[in-house]
Amino acid sequence: MYVYLCAATSDQKQTSTSVKMYRESSSSSESIECSYLTPILRKAVVDHVSDTFVATNVPLFALIDAARRGNTQLVEETAQIFMEHARNLIEVANVACSMSDQVEGIKLVRLAAMQIQHLSPQVVNAARILAARSTSKVALENMDIFRDTWEKYVRLLTEAVDEITTIEDFLAVSENHILEDINLCIQAMVERYPDRVDRTAGAIRGRSGRVIDVVTSEMEKYEPGEYTDSVMESVRILRDQIMPSFAERIKIAIDTLRMKSTYDDGKYELTEQELIDASSSVYHGIRDIRNSVLMNPDLEWPSDDEEGLNDEIYAQSQTSSHGPSSDTQQPDLEMYPGKNDNPSRDMMRRLPKEEREQIELQVEGFKKTKRDFEREVLKWDDRGNDIIVLAKKMCMIMMEMTDFTRGRGPLRTTMDVINAAKMISECGSKLNKLAKDIAAQCVESQSKSDLVAYVDRITLYCHQLDITSKVKADVQNISGELIVSGLDSATSLITAAKNLMNAVVLTVKASYIASTKYRNKSGNKEVKLI
């Protein structure tokens with residue numbers, strides 16, 4: 001039997017937690033029971049893995065750089081850092097083994113950790129030799145051999161640890177850490193510290209790179225299909241579009257901060273806002289990857305024991321598109337007698353397996369509509385384009401409502417869903433007005449007629465979504481049994497959201513055609529797309 005102790009340490013991150021395992025009595029089996037691990041302990045272990053296995057080669061590069069300079073004193077200093085880093089890798093790897101029941105995976109982790117333990121002193125000795133003979137070609141080649149060997153075994157250890165760590169926990173913790181780093185980066189920008197901006201941006205890039213690598217490796221285990229295509233599309237967007245844009249914005253921000261004598265406040269405020277937008281895109285990219293991974297129908301739905309971990313992530317990230325969750329306010333005891341812990345979302349989690357499978361089928365249809373929406377909407381820059389801004393906001397809220405039907409996401413109660421529906425109705429009204437303004441400037445044509453018809457659909461489906469959320473809440477309240485209308489509520493909500501998203505896609509298309517292909521009534525070449 002194993003006893004797990006969790007205690008705070010003064011590590012690089014004050015919030016990190018040290019998890020140690022003590023053997024209480026001998027066990028005949030090498031497999032480790034982990035079914036009783038609490039969500040807090042799981043989070044602490046994954047937290048360690050997420051922190052330690054980022055930028056694993058930095059201490060090694062610092063050691064080699066000092067050795068090439070021939071600075072023996074600096075070599076000794078960096079050698080201590082390198083050895084401490086190696087011990088951390090081994091310790092965290094062993095802790096990860098303590099939360100896994102994969103016997104073969106644990107053996108691979110411990111084998112790789114043993115290799116690193118034996119190799120670390122040899123790497124340090126190679127650096128000392130190079131420092132003493134910095135001009136020696138043989139010493140340099142020897143250092144390169146040990147460097148390549150070290151990187152090989154660290155890569156093997158990283159992959160082995162990833163194999164025994166559940167990807168859902170890893171993504172949840174990584175999302176939370178990236179949000180913390182983004183806040184620190186923006187704070188450094190506001191306080192005008194370029195070095196801190198550079199350092200925190202490096203942490204964001206490192207964690208994002210880890211997420212990309214882990215998810216890509218995870219998808220290689222599956223047969224190619226719609227699920228893997230969806231996940232890899234989210235990965236591609238983060239890797240090829242969001243991260244290069246983020247790196248460019250960071251470079252501009254750092255250059256602006258370092259040219260203190262030349263920049264003006266107006267340019268600085270613009271750069272600051274661009275950095276905030278780029279950072280927000282990174283966070284949403286990570287969240288999209290996590291949501292795509294969680295769409296796997298083979299994954300088990302969140303258990304009650306896991307609720308604390310997921311709620312903490314969402315509560316800290318404040319990811320709801322329409323504001324804080326209503327359960328941060330005083331709960332409505334009349335509406336939910338005898339319940340005070342997210343009753344509505346808990347109901348969705350407790351649905352029978354057959355009903356959950358039907359919900360998954362509805363979600364798959366919604367995801368197809370969402371991909372059509374993204375292909376149509378994401379091709380345009382949303383800066384200065386109110387129609388695209390509103391369309392994206394409506395899509396985000398509808399995704400949150402769909403997550404609710406699966407027992408996930410920032411919406412926790414029926415009142416949250418009602419408030420989200422109200423927000424969609426408000427956005428739909430604004431989109432209605434903007435699209436009608438475009439139609440009013442167009443000459444009579446088929447495109448104008450189509451645009452007006454699509455706008456009317458948005459009004460209809462917004463009203464339908466609003467009514468659906470309220471009616472289902474009334475049924476739950478009147479019946480007194482929260483599980484009575486669970487499936488009906490979920491499928492109706494998803495269907496209404498899918499219909500609305502289709503209408504938004506058609507409206508965006510028609511608005512683009514009407515604003516670029518026809519002269520307006522005054523004879524100008526193009527109608528202005530607001």
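Numbers for the structure displayed
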| read-out | value |
| --- | --- |
| Options 230, 217; residue that is farther than 12 Å from residue 285 by Cα, loosely packed, with under 15 Cβ neighbours inside 10 Å and in contact with a helix residue (DSSP H, G or I) (Cβ under 7 Å, 6 or more places away or on another chain) | 217 |
| Elements of type helices (runs of 4 or more DSSP H) in region 382-499, at least 2 residues being assigned by TED's automatic domain parsing to the domain that holds residue 366 and modelled with pLDDT under 70 | 446-479 |
| Of the criteria (1) on the phi < 0 side of the Ramachandran plot; (2) surrounded by fewer than 17 Cβ atoms within 10 Å (Cβ to Cβ); (3) at pLDDT 85 or above, which one residue 70 fails | (1) |
| Any hit, region 203-211, residues being free of Cβ contacts under 8 Å to residues at least 60 places away in the same chain and out of contact with any Gly (no Cβ under 6 Å at 6 or more places or on another chain) | yes |
| Leading residue by the ranking (surrounded by the fewest Cβ atoms within 10 Å (Cβ to Cβ)) among those in region 130-149 that are touching a residue at least 40 places away in the same chain (Cβ under 8 Å) and among the aliphatic types (A, V, I, L, M) | 132 |
| Test for residue 145: is it in a helix (DSSP H, G or I) and over 19 Å from residue 48 (Cβ atoms) | yes |
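The values are calculated or read from the model by the stated rules, or taken from the named source; none is laboratory data. It should be emphasised that the depicted structure is a prediction, and the values quoted were computed from it without experimental measurement. Using ideal geometry, Cβ is built from the backbone for each residue, glycine included, and neighbour counts are taken over all protein chains shown.
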